[in-house]
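The values are calculated or read from the model by the stated rules, or taken from the named source; none is laboratory data. Everything quoted here is computed from the prediction, not taken from an experiment.
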Amino acid sequence: MGKIDSMIKSEIQRLARREIRSTVRPLKREIRAMRLKLSGLMKGFGVLNRITREQVQRARGAFKREASPEESKKA
């Protein structure tokens with residue numbers, strides 16, 4: 001009787017693992033796709049932040065060159 005019990009138990013475990021795998025596999029694919037998309041977005045934001053920083057520095061430099069403090073006092 002013990003042999004049949006262990007066979008039934010192992011078969012139930014095998015089927016349970018199979019069912020779990022079939023449920024989890026699509027989720028793993030979706031997570032992988034989301035991580036790749038997130039990675040791409042983070043890289044894109046990094047580039048945009050760098051460009052924005054450069055433009056802000058250029059704009060600050062342009063405003064400083066437009067008028068000196070002496071000229072602004074005269075005006």
Legend entry - Residue check, R14 of a type in the set (D, E, K, R) and at pLDDT 95 or above: yes
Legend entry - Positions within the stretch 24-50 being at pLDDT 95 or above and among the β-branched types (V, I, T), in sequence order: V24, I31
